[in-house]
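Let me begin by presenting the structure, written as structure tokens, before commenting on it.
The values are calculated or read from the model by the stated rules, or taken from the named source; none is laboratory data. Bear in mind the structure is a predicted one, so any value in this text is a computation, not a measurement. As a convention, Cβ positions derive from the backbone with ideal geometry for all residues, glycine included, and neighbour counts pool all protein chains shown. Ligands, DNA and RNA are stripped out before the accessible areas are found, and what is left, the full protein with its side chains, is counted by its heavy atoms. Shrake-Rupley method; radii C 1.70, N 1.55, O 1.52, S 1.80 Å.
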Amino acid sequence: MQRVNLLLPLFLALCFTSAITQELSLESKIQQADQLWKSNQLSQAIQHYQSIIEKDSIPKEYQSLIYLRLAQAQFAVKDFKNCRSTLSKIKTLAVLPPHHQLIMEELTKKLQGIPLIKHTPVPSNKKAVASFYIASTPNNIKENGPANNIFQSFEYALEAASKKLQNPNLPEGPIEIVFSEASYSQDRPIRLSAQNSGTKKNPVIIRAESGKKIKISGGQALRSWKREVNPDILALLPRESSSKVWVADLKESNVNGIDSLVFGGFSSQRSASGGPTFNTFPVPELFSDGIPQPMARWPNDRDTTVALKDFKSSRAFRWASEQDVWLHGYWFYLWADAYEKLSGISLKDSTVIIAPPVNNYGFAKSKWHVVNALSELDSPGEWCISIARGKIWYLPKNDIKPERIILSMRGTAIQAENCDYLTVNGLDLEYIRGDGMIFKNCSHLIVTNCSVKNTSGLGIKIAGGKAHLVHSCIIESMGRGGIDISAGDKLALVSSGSIIENCKISDLSRIDRTYTPAIVLEGDGIKVRHCFFGNIPSSGIRLEGNDMLVELNAFKKCVIESDDQGAIDVWGNPLYRGNIIRWNFFQDIGIPNLHMAAGVRLDDAISGFGIYENLFQRSSNNHFGGIQIHGGKDNFLEGNIFIDCHAAFSQSAWGDKRWQESINSKEHPMYKAMHTTNWQSDFWQRRYPALKQLLSDPDRNYTIDNVVINAESLFLRKSQRFQTLNNQLLKTADHLKSAVDFKPYLVPWHPVPVDEIGPY
């Protein structure tokens, strides 16, 4: 028995060496065929690919790769008959990664003459059955409308439209509610419910007048400003700015409804919601000439890194004399921020006292700063609010212009629940205190040509329902994130059919700095296409679910503050399967040499992703490559191009022990995921065959056909189980500025549509 134990490691080593030799041989044969294709010798290339299939024992994980090469080459020479035959064989292979299945399906459509959809069309409805206009006077309506269909408020127009929908004899066509003036004063949210639902035959459309947009503002100009002369306040203010501070009384400015100032943040216990997203607090903000003004803070342009328990300063006693002072910080981890309410100062040791509840991770030597301290109102543009006094103090940069100073005071502009077949078109929302639009259980929803900006919460929140289309929207200058969508059933694997397309989402997370990305995707079957995401402290996309397609998007300057994140970030559930990330351009992700940041980060056992034909430029930092995998398996990283990344790939391998511990520990999120999902059923394992080996062979992933330019290394921390095939390391002096500049490095079998990346 002892002899067998001694021989076993030798036997395994010989098997591993044999596998490496086989793959090297396979790699050289693929390269020979590829070179023939690049030289336009397609017939010879086809023969070589056929020879590999017929004569070589190809590892099952690479079989579909060779078959697809052959089918693509056959299609290129218009040998459609053999191309169909090759594709039919792919369906019978033991391993078919999700991205290969998608390539196969799209090539099949080409053979059938079915054009691939490049741009999702916004449905163009037929002529309206009825139009109800919102205008202060009939003269303000530019479109032709009957005089009896003019209303001075949205509520009256909605009531009339709902009554019209009750007519069973309506002809086919939409019911419209049309804003006819340039702006609409919003005293309370626009609310819709099931009784306002449209139907497939008669959808409901809320829109601006043709060719125009309607501004809906939740803000109010503060016109009643005076120089601060109260000696008690002047005593609190910094000496250098006390003579320059202005004060506005909220009652005198007719501002009502702001009765508290509460902050949260990702790791705050105030924010906990039990899902991938967390609560929005309706924080008021001040704007001058459309630019958000910072709350009075210390330090002004950085964070202090002294642990709270060690912080002792005379200025803290000034903070303690105020009632609405908060501390914002990365208290333990640099990926988890939170706000803490200042309670007072300890008489025993002069340290800061924090009011409960405190954040989820505790305190260490952290990055933090003080927020909304009147005693720190010393930098031009800063402001401060006191809820108890009902006043705002402001230190303007220039002469004060009351009509241009706006306070966000009213909450969500549009709230719809159980309202189907609804279209919102041409609305510009701004100065909202909270989230811009919220849709709960609304199916067949279309939000198009809208914008949300200068808002303290999210832009658009969609919870439940199916068949959503968010198209050609702009979301920018936000206190939190862009779009939060939960659609489809990730347990029953029912696709939502939802699409987010041609949107620009940037300049986010002004208040809550982490886990407030441009888009949160939760559920099943959501597509994100042709979007731009930029200037974000943390991630561009947070993905939580199955069968998602993220393609043709541009990510620029994401993860510019947070640590241990990716421009696309996924975490904690090995059952998130069927997800494909392709044809995206990642540029300037992270902070060089400071934090860990990647273009795509698969964290804590994320498995089964297809990440292929993406472009990465300066998108790896510190211990991360352009793609980082932490504990996951069955991921295929194929046909990507990396330039000026210090490494293309990085792996934090778990090994068998940690994998088993994570699965079996009731405290680990993996345990919960695997015990609330019927992943061992025939239904799930037919959908994702790799799940049959879920509990074995961890850390086995695949890098294939990647081109890596100007990198220090291909890999960081590569385990023996990480398989590589046909990757190239190159050097160039070329200076690339855009996705189009990657064209010289493209190959026919990885035809990245670089001209189509981003909004159109």
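Based on protein heavy atoms only, region 266-361 ends up with 47 Å² per residue of surface accessible to a 1.4 Å probe. Above 16 Å, the calculated P(r) of region 389-451 contains 61 percent of its Cα-Cα pairs. Would you tally the net charge around Trp326, using a Cβ to Cβ cut-off of less than 13 Å, leaving Trp326 out, and scoring K and R as +1, D and E as -1? After counting each charged neighbour, the total is -3. Modelled label positions at Lys743 and Lys251, each set 7 Å beyond Cα in the direction of Cβ, lie 6.8 nm from each other. In this structure the amide hydrogen of Ile354, modeled in the peptide plane, comes within under 5 Å of the amide hydrogens of Ser343, none closer than 5 places in sequence on its chain. Exposure check, 1.4 Å probe, all protein chains in place: His119 carries approximately 90 Å² of accessible surface.
Counting Lys and Arg as +1 and Asp and Glu as -1 over every other residue whose Cβ lies under 13 Å from the Cβ of Ile117, the net charge comes to 0. For region 91-132, a simple Cβ point-charge model (Lys and Arg +1, Asp and Glu -1, everything else neutral) yields a dipole of about 220 debye relative to the Cα centre.
Each pair of Cα atoms in region 656-696 enters the Kirkwood radius, and Stokes-Einstein at 20 °C and 1.002 mPa s then converts it into a translational diffusion coefficient of 198 µm²/s.
Tell me the mean residue ellipticity at 222 nm calculated for the chain from its helices only (DSSP H runs of n ≥ 4, each -39500 (n - 2.57), averaged over every residue, nearest 500). Don't skip to the answer; put the middle values down first.
Details: 11 runs with 141 residues, N = 760.
Rounded to the nearest 500, the figure is -6000 deg cm²/dmol.
Simple point charges give the picture: +1 on the Cβ of Lys and Arg, -1 on the Cβ of Asp and Glu, and for region 268-327 a dipole about the Cα centre of about 320 debye.
In plain terms, the chain from Glu105 to Asn398 could stretch by 99.4 nm, reckoned as 0.36 nm per residue minus the Cα-Cα distance. GluC sites (Glu not before Pro), restricted to region 220-278: which are DSSP loop and have at most 10 other Cβ atoms within 10 Å? Taking region 220-278 and a limit of 10 other Cβ atoms within 10 Å, the loop GluC sites (Glu not before Pro) found are Glu240. Counting only protein heavy atoms and a 1.4 Å probe, region 684-758 has 49 square angstrom of accessible area per residue.
FRET efficiency for the His623 to Ser719 pair, using the beta carbon distance and R₀ = 22 Å, is estimated at 0.90. Phi-derived couplings, Karplus 6.51 cos²θ - 1.76 cosθ + 1.60 at θ = phi - 60°, listed residue by residue for region 520-527: 9, 10, 9, x, 8, x, 9, 10 Hz, with x used for Gly and Pro. How would region 250-379 be classified by its alpha-carbon gyration tensor: rounded, prolate or oblate, with rounded meaning a/c under 1.5 and the a/b versus b/c comparison settling the rest? Oblate.
Quote the FRET efficiency, to the nearest 0.05, computed for Ser39 versus Thr120 with a Förster distance R0 of 35 Å and r equal to the Cβ-Cβ distance.
On the way: r = 38 Å, r/R0 = 1.08.
So, using R0 = 35 Å, E works out to roughly 0.40.
Measuring against 23 Å, Cα to Cα, the residue pairs Lys397/Lys557; Lys60/Lys633; Lys55/Lys89; Lys633/Lys666; Lys633/Lys657 contain Lys397/Lys557 as the ones spanning a longer distance.
In this rough spin-label picture, where each label sits 7 Å from Cα along the Cβ direction, the Asn664-Asp303 distance is 3.8 nm.
Considering only protein heavy atoms and a probe of 1.4 Å, how much of the accessible area of the chain is carbon and sulfur, as a whole percent? Reported share for carbon and sulfur atoms: 50 percent. Annotation: extensible slack from Thr351 through Ser379 equals 7.5 nm (criterion: 0.36 nm per residue apart, minus Cα-Cα distance).
Ranked by solvent-accessible area (1.4 Å probe, protein heavy atoms only, all chains present), the residues Arg601, Arg239 order from largest to smallest as Arg239, Arg601.
Once the Cα atoms are used to define both axes, helix 154-165 deviates from the longest principal axis of the chain by about 50 degrees. Report the residues of region 502-539 in range of a label on Lys672: point 7 Å along Cα→C-beta, backbone N strictly under 17 Å from it. Zone members listed by number: 522-523.
Does region 471-520 come out rounded, prolate or oblate, given a ≥ b ≥ c as the square roots of the eigenvalues of its C-alpha gyration tensor, rounded meaning a/c under 1.5 and, failing that, prolate meaning a/b above b/c? Don't skip to the end; give the middle numbers.
Numbers: a/c = 4.70, a/b = 1.66, b/c = 2.84.
Cα axes put region 471-520 in the oblate bin.
The shape of the chain comes out oblate: with a ≥ b ≥ c from the C-alpha gyration tensor, a/c is at least 1.5 while a/b does not beat b/c.
Subtracting the Cα-Cα distance from 0.36 nm times the residue separation, let me have the gained length for Asp734 to Leu93 in nm, one decimal.
Details: separation 641, 0.36 × 641 = 230.76 nm, distance 4.09 nm.
Residue separation times 0.36 nm, minus the Cα-Cα distance, leaves 226.7 nm.
Derived scalar couplings between HN and Hα for region 383-398 equal 9, 8, 10, 10, 5, 5, 7, x, 9, 10, 10, 9, 10, x, 6, 10 Hz in order, rounded to whole Hz, by the Karplus curve 6.51 cos²θ - 1.76 cosθ + 1.60 (θ = phi - 60°), x for Gly and Pro. Under 5 Å from the amide H of Met295 lie the amide H atoms of Trp383, each residue being 5 or more positions distant or on a separate chain, with H modelled from the backbone and absent for Pro and chain starts. Count Lys and Arg as plus one, Asp and Glu as minus one, and take only other residues whose Cβ is under 14 Å from that of Gln166; the net charge is then +2.
Based on alpha-carbon positions alone, could you give the equivalent ellipsoid semi-axes of region 201-259 from the gyration tensor, as √(5λ), descending, whole Å?
Working: eigenvalues 378, 34, 19 Å².
They are 43, 13, 10 Å, listed from largest to smallest.
Label-to-label distance for Ser136 and Asn441 is 3.9 nm, based on points extended 7 Å past Cα in the beta-carbon direction. Mean projection of the Cα convex hull over all viewing directions, computed for region 567-719: 8.6 nm².
Each Lys and Arg adds +1 at its Cβ and each Asp and Glu adds -1 at its Cβ; summed about the Cα centre, the chain shows a dipole of about 780 debye. For region 95-111, backbone phi angles converted through the Karplus equation (6.51, -1.76, 1.60; θ = phi - 60°) give residue-by-residue couplings of 10, 9, x, x, 6, 5, 4, 5, 4, 4, 5, 6, 5, 4, 4, 4, 4 Hz, Gly and Pro being listed as x. Between the amide H of Val747 and those of Val752, distances stay under 5 Å, these residues lying 5 or more places away or on another chain, with hydrogens modeled in the peptide plane. Between Glu27 and Val358, the FRET efficiency estimated from the beta carbon spacing at R0 = 51 angstrom works out to 0.40.
Averaged over its residues, region 411-506 has an accessible area of 24 Å² per residue, based on protein heavy atoms and a 1.4 Å probe. When region 352-406 is described by a simple charge dipole with +1 on each Lys and Arg Cβ and -1 on each Asp and Glu Cβ, the residue from Val358, Ile387, Ile406 located farthest towards its positive end is Val358. Does a label point 7 Å from the Cα of Lys163, set along Cα-to-beta-carbon, have any residues of region 169-191 with amide nitrogen under 16 Å, and which are they? Backbone N within reach: 176-177.
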